Amino acid sequence: MAAQDGPILIIGTERSGSNLLRLVLDAHSRIAVPHPPHFLRYLSGIPYDGDVDAMVDDAMRLLRHHIHPWPHVIDRAAVTRAAGPSLFGVVSAIYDQYRVAEGAARWGCKSTFMVEHVDEVLAGLPHARFLWLVRDPRDVAASAKRAVFGPCHPYRMAERWTAEQELARAALERWGPSVVHLVRYEDLVSAPEREIRAICEFVGEAFEPAMLAHHLGGHARMTASLSASWRTAGDPITTARIGAHRRGLTDRERRQVESVAARAMETLRYPFDPASRAEPAPGQFGVALRGLAVRLAVEARSLRTDRNHFRRWRRDATVHRLRRRARPGRVRVPAGESR
């Protein structure tokens, strides 16, 4: 595989504009980026012991229950023939089949949780390139409060954001800027043509004007129609959601986020109130209770508005069954589930 045909992976933290960046890339004539079933997020803790058939079976089961159905049927037998000996080898074979169906030269993945698997990806596909997408953690937390995906409590989201930025920073230091490229959400929406041109240069593709009009494509309209949490996928690029925390977080929640994320915010040039460093951590019971209250409200809204609500429940039940089937004590359950 030539360097210019390697996959492109978006890493970082969910609710950071990854659907926007996915659709911008997908609008390029040579790149296909479907909405991710988060294969490694859900399956990487299961001890397959090299059993490719079992890995393919579980990956295909996840794909069947994906909350954002793919427009192409993936051939299981072809995946098995093409898959490498690792779980990522199976994932790569599935994505490559999607790429062929789309008539594209390369595929992309917007599962931001792949930040945990950078070394594994590069071991199998050394020409892979990573876009580290970062957004103000207060805006990430404000978005997560309204979303059915991920932890609702801002303190918990700040913990996740901080841990994932550290992983991404370490990947950049280990592999260098020719492999990992930092994209600030705020820059992307404020100067989209400049930033998208820089992304194209990084991945070795010519800039295409269609990337600035991603919202006009059928994939964007489909995503926006499925869930209230994805509704903005059908909008043009806008700066309107910069500073969303000013409306979406209370002062206490903002201080809690800053207290957790202060060091990473400083490194990534997000100004914050230094006094927030002294904000005490909320009690575990209070976090759990508040998170549950918000979750119930968000679920109630999702039940009314989302076309994929029951698909999400079926997907979660599938993941639960897969993990229960695995041998006791061998499954790594991530802190906070991807959705």
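The values are calculated or read from the model by the stated rules, or taken from the named source; none is laboratory data. This structure is a prediction, so every number in the text was calculated from the model and none was measured. Positions of Cβ are generated from backbone atoms using ideal geometry, with glycine treated the same way; all protein chains shown enter the neighbour counts. For accessibility, only protein heavy atoms count, side chains too; no ligands or nucleic acids. Shrake-Rupley method; radii C 1.70, N 1.55, O 1.52, S 1.80 Å.
Across region 227-242, computed HN-Hα scalar couplings (Karplus, 6.51 cos²θ - 1.76 cosθ + 1.60, θ = phi - 60°) run 8, 4, 5, 10, 4, 6, 4, x, 9, x, 5, 8, 8, 4, 9, 6 Hz from first to last residue, x flagging Gly and Pro.
Equivalent ellipsoid of region 1-127: semi-axes from √(5λ) of the C-alpha gyration tensor, largest first, are 21, 16, 15 Å. Heavy atoms of the protein chains alone define the surface here; on that basis region 5-144 has 28 Å² accessible area per residue at 1.4 Å probe size. Only helices enter the 222 nm calculation for the chain: every DSSP H run of n ≥ 4 contributes -39,500 (n - 2.57), and dividing by all residues gives -16000 deg cm²/dmol, rounded to 500. If you build a Gaussian network model of the chain, linking Cα atoms that sit under 10 Å apart, which residue out of Gly291, Gly89, Gly176 swings the most? Its mean-square fluctuation being the largest, the pick is Gly176. Springs join every pair of Cα atoms under 10 Å in this Gaussian network model of the chain, and among Val180, Val319, Val115 the largest mean-square fluctuation is at Val319. The packing ranking of peptides 293-305, 273-285, 138-150, highest mean first, is 138-150, 293-305, 273-285, where packing means the average number of other beta carbon atoms within 10 angstrom of each residue.
The phi torsions of region 176-187, fed into the Karplus equation with coefficients 6.51, -1.76 and 1.60 and a -60° offset, translate into couplings of x, x, 7, 10, 10, 10, 7, 10, 8, 3, 4, 6 Hz, rounded to whole numbers, with Gly and Pro shown as x.
For region 81-89, backbone phi angles converted through the Karplus equation (6.51, -1.76, 1.60; θ = phi - 60°) give residue-by-residue couplings of 5, 8, 5, x, x, 10, 4, 5, x Hz, Gly and Pro being listed as x. Close amide H contacts of Val148 (hydrogens built in the peptide plane, cut-off under 5 Å, sequence separation of 5 or more or a different chain): Ser229. Of the solvent-accessible surface of region 106-232, computed with a 1.4 Å probe over protein heavy atoms with every protein chain present, carbon and sulfur atoms account for 56 percent.
Residues whose amide H lies under 5 Å from that of Gly108, counting only those 5 or more places away or on a different chain, are Ile8, Ala32, Val33; hydrogens are built 1.01 Å from N in the peptide plane.
Can you tell which of Pro137, Pro236, Pro37 shows the greatest fluctuation in a Gaussian network model of the chain with Cα springs below 10 Å? Top of the fluctuation ranking is Pro236.
Of the options Thr162, Leu188, His215, report the single residue whose Cα projects farthest towards the positive end of the charge dipole of region 142-272 (beta-carbon charges: Lys, Arg +1; Asp, Glu -1). After comparing all options, I get Thr162.
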